[in-house]
Amino acid sequence: MAIQIHDTLAGEKVELHPIVPGKIGLYACGPTVYDHAHVGHARCYVVWDVVVRHLRARGLEVRYVRNFTDVDDKIIARANERGEEPVAMAARFADSFLEDMDAVGCLRPDAAPRVSGSIPGIVALIERLVTRGFAYAPGNGDVYYAVRKFPAYARLSRRNLDDLIAGARVDPGESKRDPLDFALWKAAKPGEPAWDSPWGKGRPGWHIECSAMTLEHLGAPFDIHTGGKDLVFPHHTNEIAQSVAALSEGLEPESFARHWMHNNFVEIDHQKMSKSLGNFFTVKDLLVRHDGEALRLLLMGTHYRNPISFTDTLLADAERRLAYLYETLEKGDQVAAGGAAAGEPAPWAEAARAALDDDFNTAAVLGILADAFTAANATADRKGKTPPPDREEMARFGRDARAVGAELGILQREPAAALLALREKAVARRGIDPAAVEARIAERTAARRAKDFTRSDTLRDELLAMGVVLQDGPAGTTWKVE
RNA sequence: GGCACCGUCGCCAAGUGGUAAGGCAAGGGUCUGCAAAACCCUUAUUCCCCGGUUCGAAUCCGGGCGGUGCCUCCA
């Protein structure tokens, strides 16, 4: 096994060596749930899902933890606007998030801790940081982390402290000793969720929750910590500072998370898609008109460390491409006719796995898949000819395609069901009445039997004008929406 | 301003030293009553520009130009 991952901490691709042989602990920074998930969230969790799936396929026992940040300034602000209780509102958006991630084919994590359920661990961690001299409580109910006590502070983000000072912010009411310091615990303000602590009622600052939840659910050190690249600074930088200061005498960042992986953004008009810019599509809105698996396919078309420009064209392409993949699978199944798939995986399937070994190069895998599917179609086209297609070869293709698909989280549905689902979305999108389509097809079939090709072509043109494309085959006429 | 990243065919995109995958689009063909789908063939002597290193560079180095991200809201 030689799996390579791009490690932000090392600044280069490194070989993945599990800390405990055969096992991987992976923590994905989860969403702050104050709104529905958008396409950018879908991208990053699809990426981590492929990581988990592939590592498991390689025989590693992966423990996958993904948190929900459900206590946070933005959540409180949004809940107050809506007159809702913050933690309850966050719980609703967390449910919504899970629905959306299911729809784009993501496996549920093994543990999904929430800040609101992790307060004792957070308080204990802060106490330890205070005891060890890395944190201080100025007496106003806040607790801050003293950044300058941690020499390796900016290693992950490759900056120097003096550059950071320019951007450092001190909010009114804060009592930081140094502008770089950040809050571990915030004194309660009226109307905010609050918990008891040695420093009075309050709530965790942003960053400390992830340290507490990783330590509780994975322990330290663990193998891989992931997140969007916008989290490198300050979130992950601070997480390392907190966790390492609490844990390690040597103060080495590796004593917390061994490796850090960061995904690039989904962009709209060459700008990062984000809630704050307001240029986002929610996954929910998209799924009304489009297939979740198609969205997943789109997201895997670019390597995770490169940006993706999200466009309607790209989504339409992905939808057509997904239909092609399932049509091929369906044809392959028909040709294989229940034949058994024996023997080793085909070379292309091994090549696909090797591409995933190389920092999860999903775009390369899709290229490999394209060749295999073209070849499968060519073989299937020999149906009824001499020599006929090799049934066993087609059975192997079906098996390998589904196995590689399983690592990507695609192609796991019954082809006929998937194609019908895709058509239903398209029908809804274009306001087509399937019954009317079927009626015209019946009329056209009658015309064709009567050799009235003028009539049959007129009917076909009318359907085409509605976006319905007909395919005449030996078993009758089928249709799809272009 | 500081620190990163990116610039490959009309569009999307893989490729980090060994002589440019793949998809879409386009053109030609096979099949078909005609189509559609599928398949076959064609389409970048060249990788933003200029230098350098090397037997050899899209890949490494230096300098431009263009774009993006982060610099305490962010996946």
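The values are calculated or read from the model by the stated rules, or taken from the named source; none is laboratory data. Note that this is a predicted model, so its numbers are computed, not measured. Cβ: placed from backbone, ideal geometry, glycine included. Neighbour counts: every protein chain shown. Please note that ligands, DNA and RNA were not included when accessible areas were found on the heavy atoms of the full protein model with its side chains. Shrake-Rupley method; radii C 1.70, N 1.55, O 1.52, S 1.80 Å.
Structural remarks
- Within straight-line reach of A:LYS201, meaning a Cα separation under 23 Å, sit the following lysines at least 8 residues removed in sequence or on another chain: A:LYS74, A:LYS176, A:LYS186, A:LYS189.
- Cα-only Debye scattering, the range A:398-456: base-10 log of I(q)/I(0) at q = 0.24 Å⁻¹: -0.92
- 5 angstrom amide H check on A:HIS259, placed H, neighbours 5+ away: A:ILE224, A:HIS225
- Reachable lysines, given that their alpha-carbon falls under 19 Å from the alpha-carbon of A:LYS480 and they are not under 8 places away in the same chain: A:LYS331, A:LYS425
- Solvent-accessible area per residue for chain A (1.4 angstrom probe, square angstrom): 43 Å²
- Placing +1 on each Lys and Arg Cβ and -1 on each Asp and Glu Cβ, with no other charges, gives chain A a dipole about its Cα centre of roughly 340 debye.
- Environment charge at A:PRO434 (Cβ cut-off 14 Å; Lys +1, Arg +1, Asp -1, Glu -1): +3
- Between amide H atoms placed 1.01 Å from N, distances below 5 Å from A:LYS272 occur with no residue 5 or more places distant or on a separate chain.
- Our coupling estimate for the range A:410-423, obtained by passing each phi through the Karplus curve with A = 6.51, B = -1.76, C = 1.60 and θ = phi - 60°, is 10, 6, 9, 8, 5, x, 4, 5, 5, 5, 5, 4, 4, 5 Hz, Gly and Pro reported as x.
- A Cα-only calculation for the range A:432-481 places Rg and Dmax at 10.0, 28 Å.
- Across the options A:MET89, A:LEU184, A:LEU325, the greatest Cα extent toward the positive end of the charge dipole of chain A (unit charges at beta carbon of Lys, Arg, Asp, Glu) belongs to A:LEU325.
- Debye log10 I(q)/I(0) for the range A:2-124, one point scatterer per Cα, at q = 0.15, 0.16, 0.20 Å⁻¹: -0.79, -0.87, -1.15
- Residue-level accessible surface for A:LYS229, protein heavy atoms, 1.4 Å, Å²: 100 Å²
- Gyration tensor verdict on the range A:319-416 (Cα atoms; rounded if a/c is under 1.5, prolate if a/b is larger than b/c, oblate otherwise): prolate
- Rh (Kirkwood; distinct C-alpha pairs) - the range A:4-272, Å: 19.2 Å
- About the centre of its Cα atoms, the range A:270-372 shows a dipole size close to 540 debye [charges on the beta carbon of Lys, Arg (+1) and Asp, Glu (-1) only; nearest 20 debye].
- Distance between the range A:361-408 and the range A:434-463 - C-alpha centres, whole angstrom: 34 Å
- If only the Cβ of Lys and Arg carry +1 and only the Cβ of Asp and Glu carry -1, the dipole of the range A:432-481 around its Cα centre is close to 180 debye.
- The residues packed around A:TRP348, meaning those with a beta-carbon under 9 Å from its beta-carbon, carry a net charge of -3 if Lys and Arg are +1 and Asp and Glu are -1.
- Less than 5 angstrom separates the built amide H of A:ILE3 from those of A:LEU16, all sequence-distant by 5 or more or on a different chain.
- Cα gyration tensor shape of the range A:242-295, rounded if a/c is under 1.5, else prolate or oblate by comparing a/b with b/c: prolate
- Residue-level accessible surface for A:MET394, protein heavy atoms, 1.4 Å, Å²: 0 Å²
- Dipole of the range A:311-417, positive direction: furthest Cα of A:MET394, A:LEU356, A:ALA372, with charges on the beta-carbon: A:MET394
- Shown here are the Rg and Dmax of the Cα trace of chain A, at 26.8, 93 Å.
- Computed accessible area, A:LYS189, all protein chains, 1.4 angstrom probe, square angstrom: 120 Å²
- Backbone geometry of the range A:70-79 corresponds, through the Karplus equation with coefficients 6.51, -1.76 and 1.60 at θ = phi - 60°, to 3J(HN,Hα) couplings of 10, 10, 5, 3, 5, 5, 4, 5, 5, 5 Hz, x marking Gly and Pro.
- Near A:PRO389, once Lys and Arg are set to +1 and Asp and Glu to -1 for all other residues with Cβ below 15 Å from its Cβ, the sum equals 0.
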